1. Say we look at segment 32-48 and pick out the residues that are more than 14 Å from the chain's Cα centre (by Cα) and touching a residue at least 12 places away in the same chain (Cβ under 8 Å); which of these is least open to solvent (accessible area, probe 1.4 Å)?
2. If I ask for residues that are open to solvent by 10 Å² or more (accessible area, probe 1.4 Å) and either modelled with pLDDT of 95 or more or among the hydrophobic types (A, V, I, L, M, F, W, C) (or both), which ones from segment 107-123 would you list?
3. Only residues that are open to solvent by 10 Å² or more (accessible area, probe 1.4 Å), on the phi < 0 side of the Ramachandran plot and under 8 Å from the mean Cα position of the chain (by Cα): list them for segment 78-106, please.
4. Within segment 130-152, is there a residue that is among the β-branched types (Val, Ile, Thr), under 27 Å from Gly41 (Cβ atoms), surrounded by 16 or more Cβ atoms within 10 Å (Cβ to Cβ) and touching a helix residue (DSSP H, G or I) at 6+ places or on another chain (Cβ under 6 Å)?
5. Would you mention how many residues in segment 1-37 are within 15 Å of Leu78 (Cα to Cα), in contact with a Leu (Cβ under 9 Å, 6 or more places away or on another chain) and in a loop (DSSP other than H, G, I, E, B)?
Amino acid sequence: MSKLMINGDEGCPTFVFAHGAGAAMDSDFMETVALGLSAQGIRVVRFEFPYMQQKRETGKRRPPDRQPILLDYFREVLDELQVENPVIGGKSMGGRMATILATEMSVPGIAVFGYPFHALGKPEKVRIDHFCQLSAPVLICQGERDAMGNQSDVAQYRLPEQVRFEWYADGDHDLKPRKASGYTHQAHLDHAINRVSQFIHEVTSA
């Protein structure tokens, strides 16, 4: 089992936060979100999938593990934690794995930053078939110009009513807007942290 990074106090609602395909659990994005959520009364647990652990040990870049390995490892982390009613989610790929995992287990909610609705440059290969099997509420914080699912693309999808969106003006896959837009990355991150914090408190107190 990888070393866990935990921010926040026991007794607070727990958010198990999985990283994306290319950046580790201590990336700037993951760190900013984890610390921001913990400051709002959320216990955030981060972990690394096996391929990312190997990259950390060897220094060599590796592609993500196959989906069954990612899901098995996510389950192992949850089993090890033995936390009652954790909200699960993640950044990009990690968030996608959380939504798939939630089709087979009961969780109070799923929170995702930058859902990868399709691979880069392949908008025809949409990754939403499992959404119809979700029963828990889902919150997706998505940039309007996300290259893996922008606002106009997503508007064409038929998604269950429990899937909620927070759209970030001119935001990319990391919610980062262009300077000329007049928006700032920090403001978008702060808003996303506040919204996800509200969501986690809401679904864990229901």
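1. Kept after step one, since they are more than 14 Å from the chain's Cα centre (by Cα), are these residues of segment 32-48: 35-36, 38-43.
If we keep only those that are touching a residue at least 12 places away in the same chain (Cβ under 8 Å) as well, we get 35-36, 38, 40-43.
On the way: Leu35: 81, Gly36: 19, Ser38: 33, Gln40: 68, Gly41: 26, Ile42: 1, Arg43: 30 Å².
Per the criteria, the residue is Ile42.
2. Correct list: Val107, Pro108, Ala119, Leu120.
3. Correct list: Lys91, Met93, Arg96.
4. Taking segment 130-152 first, the residues among the β-branched types (Val, Ile, Thr) are 138, 140.
Adding the requirement that they be under 27 Å from Gly41 (Cβ atoms) leaves 138, 140.
With the extra rule that they be surrounded by 16 or more Cβ atoms within 10 Å (Cβ to Cβ), the set shrinks to 138, 140.
Then keep just the ones that are touching a helix residue (DSSP H, G or I) at 6+ places or on another chain (Cβ under 6 Å); that gives none.
Scanning segment 130-152 turns up no residue that is among the β-branched types (Val, Ile, Thr), under 27 Å from Gly41 (Cβ atoms), surrounded by 16 or more Cβ atoms within 10 Å (Cβ to Cβ) and touching a helix residue (DSSP H, G or I) at 6+ places or on another chain (Cβ under 6 Å).
5. Qualifying residue count for the region: 1.
Matching residues to (1) open to solvent by 70 Å² or more (accessible area, probe 1.4 Å); (2) among the polar types (S, T, N, Q); (3) under 25 Å from Arg127 (Cβ atoms); (4) over 15 Å from the mean Cα position of the chain (by Cα):
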| site | (1), (2), (3), (4) |
| --- | --- |
| Glu10 | yes, no, no, yes |
| Gly20 | no, no, yes, no |
| Pro50 | no, no, yes, yes |
| Gln53 | no, yes, yes, yes |
| Pro63 | yes, no, yes, yes |
| Asp72 | yes, no, yes, yes |
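The values are calculated or read from the model by the stated rules, or taken from the named source; none is laboratory data. On a predicted model such as this, the values are computed, not experimentally measured, just so you know. Glycine gets a Cβ as well: all are built from the backbone with ideal geometry, and neighbour counts include every protein chain shown. Just the protein is used for accessible areas: all its heavy atoms, side chains included, with ligands, DNA and RNA removed. Shrake-Rupley method; radii C 1.70, N 1.55, O 1.52, S 1.80 Å.
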